[in-house]
Structure formats: structure tokens, C-alpha cells
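Derivation of every value follows stated rules applied to the coordinates shown; laboratory data play no part. Because the structure is predicted, anything quoted here is derived from the model rather than measured.
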Amino acid sequence: AIWLKHQFADTCLATALPTTMLAKSTLVAVLLLALAPSAAGHAWLTEPPARNAQGGSRNGYCPQCGNGGGVCGDGGQWPPSSNYLGGQNSGPQRTYTAGQVVEFKVKMTAHHMGHMELHVCDEHLGPLTPDPEGPNGCLSKWVLERVRPEQVYSDCKPNDARGSCQPLDENYPERWYLPPGTGEHTMHFRIPQNLQCSSCTLQWRWWTANSCIPADGYPCYFQSIAKQGWSADSWCGRCGGTCNAALLQANASRAHLKKEGCGEEFRNCADIAVVGSGSPAPPSPSPTPMPTPTPVPTQPTPTPAPSPMPTPTPAPGGSCVQNKDCVANAWCNQDVYVTWCPMHSTSQCPSPQCVVSAPTPAPTPTPAPMPTPMPTPTPAPTTAAPTPAPTTAAPTPAPTT
């Protein structure tokens, strides 16, 4: 096909060729174009997992081929049955908290420079969602902004390989510019503070810059990072140019318009949920199980502060004790928790190290022994009354003479 292109480019040669040969060449070119595979895709969203990252045959074994014109990258090289915009609702794959700083990840297979953005539709994005990318669409309502480098890392430096170390674009804080190199890139964005949705859609969008400058503000940004010591040419050698007040004003005047790039674009959609900042985020699906702990010869110092709390009086409902279930508790064999767990009340019993024990039944009281009865005293023997002395009859007086 390349040979034929150059052959027709030379008009003199094309004119000199016999008609039959020219017709055969044209047929060969058509066949070659029909058999040639489409251009390989270049990137996809891996964290959170995009809809197109799930299922091999459905995405044509090409999760990075989301360069179609659809909101979720539909079309392009994916099979027509993929339909990642319509009918795909497996529930939220990740749950975030409003105001949370989140690390997102992108797998890059071919580097085409440019920048990426993350938008959220506060409903399940589907075929009936009205103009989601329009100025009043749901994806335009919730635009995530990057987290400043110093809020992510404390040691960023010019030409740092960590993607979140790149300077923030003060004019377009929603942009994350693609650093040099392929592989997996990480970027940190903040979930909007007032966003809440139980079933919403995150859209990842990449404007490539290998064939043109896809959006306003590129010259100003790359001039700015060059002044800060960054090698701007290695990021996007064609993205320099003039940056002045008139250009910035012109860019601002077009900010309300629907964003349209001039080159190839990639889009992915991921199903998420966002809870309020006062609510704890529920665990994401399929949490990683706790690894089996490796026993160590010495007992580690427990996490709590060294000053022990006085042992509380156990509540009637039980007490906080060491959890001996080694399946749920990796510290089940460490004796230090035997004394540490009871330092906590039942309402603040740390898990999984400790559990609230079942109440110990009160012991059955031992009845007091009955007193031994006093023995009945033996009555004293009755003393018989003395036999009265016999009565002596008075002597008969002598007869009177």
C-alpha cells in the first residue's frame, strides 16, 4: 500500500503505466487496505477499572482501543456488540468520599503526548443521558481538579518521574499532562466536596497531541514548566509557542464552549459511587484478604499509647478480650494483647485484635451451712427426799400414887 501510494504520487509514472497494470495495482491496494489491521490502541483507565477493561472477547482483547467517537470510547476497534455506553451496569466498582484525594491509574501502550481529564456524571451514564459532554451535560457539571504536587509528595523536583509531581496548570487545574514514557502512570485528583451519588459514572478522557495541539493553553503551560527547570521539549516538543495576555484572554472567552480536540481522542467510563464527607466509605468490592502473618521471635510493641488506661469494670454485657480466632486475627498468638485488650471498654474494643466476650454467668452462691443445734441438756437426777426419822412416842407418864 505504501509503494502504491508513492507510485500514484508520481503523476508522470502513473501516466506512463499501461491501463491494465494500473487497474491491477489499484485492486491490490484495495485488498491490502481491507486486510490491514486497524491501528493499535494506546491507553486505558486501570484504576478504577473501566467498563472496557472487563471482558476479553467483548473488547476484542484490546482494552486500550477506546479511541472511538463515543462518550465511553465506543466504536473504533471494539466489536459493535461491546456497547460500553448502553446496558452496562454491574454496579459501582469503587466507592469514594466527597473531598477525598484519589490516586487514579492509566496504562499507556503508545505515547502520543497531550493531556487527560476526569469528569463525573452524577447518574449512571447510558444511551438516554442527554448530551452528557455538552456545556450543560452531567459530565461538564462535575470536573475533577488535580491535587497540588506538594500535597501528594514532599520531595518533588524538576523532571521527577512521578506523574503527580508535574506543576499544576493554574489556568486549567483539571488537566494532567502526559509525562514522557509508556507503562503505568498515576495521577491524583480530588473528588468534589459537594458531590454525592449512589450510582455514577467516571469518564477518563485523553486528548492526544502528536498530530496537533488539541486545546488552548499548551504554550503557556510548557513555557511555565520550562522556566521551573523542567525539560518541556521531552514532554511535548511541538507544544511551545507564544504565551501572552491576549492569548490567555482569548482562551478564557472560549471556556464555555463544548470541548473538542483536533486529533485522536480516547475515552473510558468506570462505574463508581460517592458518599458524603461525613459518612464512612463502604469497602470496595472483593477486598484483598488479610495475609497470614509471619511469626516473629519477639513480640512487637502494640499500637496504643504506652500509658495504659485503667482497667475498666467490665460491663454486664461482657468485656474486651483478645481475639483467639487466628483466621480473623493475625495477632491471635501474641500474649501482649491479653493485657492490652481489657484496657478498652466494650464500646471501643479494637478489632480484629480484640472481641467482646460473652458475659460470664454469676456463680451459684453456696448456701450458708445450717447451725448445729445445741444438745438437749441431760436433766440432773432427782434427789429423793430424806426419809423422815421415826416418830418417838412420848413416854407414858408414871402412874400417880
### Message
Just to check I understand the Karplus step: with θ = phi - 60° and J = 6.51 cos²θ - 1.76 cosθ + 1.60, what whole-Hz values come out for the range 126-133, glycine and proline as x?
### Response
x, x, 9, 5, x, 6, x, 9
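Rounded, prolate or oblate: which fits the range 78-164, taking a ≥ b ≥ c as square roots of the Cα gyration tensor eigenvalues, rounded meaning a/c under 1.5, else prolate when a/b beats b/c?
Numbers: a/c = 2.12, a/b = 1.64, b/c = 1.29.
Prolate, since a/c reaches 1.5 and a/b exceeds b/c.
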## Note on the structure
Phi-derived 3J(HN,Hα) across the range 214-231 with the Karplus relation (6.51, -1.76, 1.60, θ = phi - 60°), rounded Hz, x for Gly and Pro, is x, 7, 5, x, 4, x, 5, 5, 6, 5, 5, 6, 5, 5, 8, x, 8, 7
